[in-house]
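Trainee: After the structure tokens below, expect a handful of questions from me.
The values are calculated or read from the model by the stated rules, or taken from the named source; none is laboratory data. In this text the structure is predicted, and so the values were computed from the model without any measurement. Cβ: placed from backbone, ideal geometry, glycine included. Neighbour counts: every protein chain shown.
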Amino acid sequence: MVTVPDLAPLTPGARRVLAAASELFYERGIHAVGVDTIAAAAGVTKKTLYDRFGSKEALVVSYLQHRDALWRKHLATHLALVPTPGPDRVLAVFDAAIAWSGENGPKGCSAINARAEIGDGHDGHPLFPEVARQKVWLLDLFTDLCHEAGMVDPLAMAKRMMLLHDGALVTVGMETFPHPVEVARDVARSLLERPVR
């Protein structure tokens, strides 16, 4: 059910650039980090960075794609722990997010954070299709899980799950209150226990 996208293999230099960029973009923000900083952190020249990725925008897209692939692998592991369709399998997405946030996401969702930096998405910016693709995929996953769980209206329930999930990730990044994904999981459980009207 969880498909992990095949990503193009990277040269050792490109891997170093991507690793440095990923850490810097997530910690400081996309606009706050320049290619000089990334190249220095990766131990490569700017020419190497541009030779491997073409532009900063393409590097950001690669960062988002690779982080998404890591998230999907992590999520697949959690879903494998709950193989039987039902509410607990839907809640496994929240369980995965709880573990992910503690280990990899103290600033919230990288796609949401990137989206917040790029404007309205109608200016042809190359990041918008990538962040939109990631969120559509997650909504589709929630819809499939809710369908398998026998929800009366799987799409309506999936939309509720998506709002709880992504709202919790924003709250993680904002540090509004502790353990927001756990709170969202509790609300999700209560919704899954009654039919959607």
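Trainee: Can you work out which of the residues in segment 150-197 that are part of a loop (DSSP other than H, G, I, E, B) and of a type in the set (A, V, I, L, M, F, W, C) is farthest from ILE98 (Cα to Cα)?
Mentor: Of everything passing the filter in segment 150-197, VAL152 is farthest from ILE98 (Cα to Cα).
Trainee: Also, quick follow-up: Tell me yes or no: at least one residue of segment 173-185 is crowded, with 18+ Cβ neighbours inside 10 Å, farther than 30 Å from VAL33 by Cβ and among the basic types (Lys, Arg).
Mentor: Yes, segment 173-185 contains at least one residue that is crowded, with 18+ Cβ neighbours inside 10 Å, farther than 30 Å from VAL33 by Cβ and among the basic types (Lys, Arg).
Trainee: Here is a follow-up. Which one of these is modelled with pLDDT of 95 or more and β-branched (Val, Ile, Thr): VAL90, VAL131?
Mentor: VAL90
Trainee: Now, a different point. So, LEU164, is that one crowded, with 19+ Cβ neighbours inside 10 Å and either over 30 Å from GLU57 (Cα atoms) or over 19 Å from the mean Cα position of the chain (by Cα) (or both) or not?
Mentor: So LEU164 does not fit the description; no.
Trainee: Okay, next question. Just give me the residues in segment 130-152 being within 18 Å of ASN113 (Cα to Cα) and among the charged types (D, E, K, R), in sequence order.
Mentor: Within segment 130-152, GLU130, ARG133, LYS135 qualify.
Trainee: Can you tell me which condition ASN104 does not meet? The list is (1) surrounded by 15 or more Cβ atoms within 10 Å (Cβ to Cβ); (2) in contact with a Lys or Arg (Cβ under 9 Å, 6 or more places away or on another chain), and all the others hold.
Mentor: (1)
Trainee: A follow-up question, please. Would you be able to tell me the number of residues in segment 38-65 that are surrounded by fewer than 19 Cβ atoms within 10 Å (Cβ to Cβ), of a type outside the set (S, T, N, Q) and out of contact with any Asp or Glu (no Cβ under 9 Å at 6 or more places or on another chain)?
Mentor: Adding up the residues that qualify gives 9.
Trainee: Residue by residue through segment 50-100, note down the ones that are in a helix (DSSP H, G or I) and in contact with a His (Cβ under 9 Å, 6 or more places away or on another chain).
Mentor: The answer is GLU57, ALA92, VAL93, PHE94, ASP95, ALA96, ALA97, ILE98, ALA99, TRP100.
Trainee: Are there any pairs with C-beta distances below 8 angstrom linking a residue in segment 47-74 that is more than 12 Å from SER110 (Cβ to Cβ) to a residue that is hydroxyl-bearing (Ser, Thr, Tyr), with the two at least 6 apart or on different chains, and if so which?
Mentor: Note: pairs meeting the criteria are ARG52/THR11; PHE53/SER62; ARG72/THR3.
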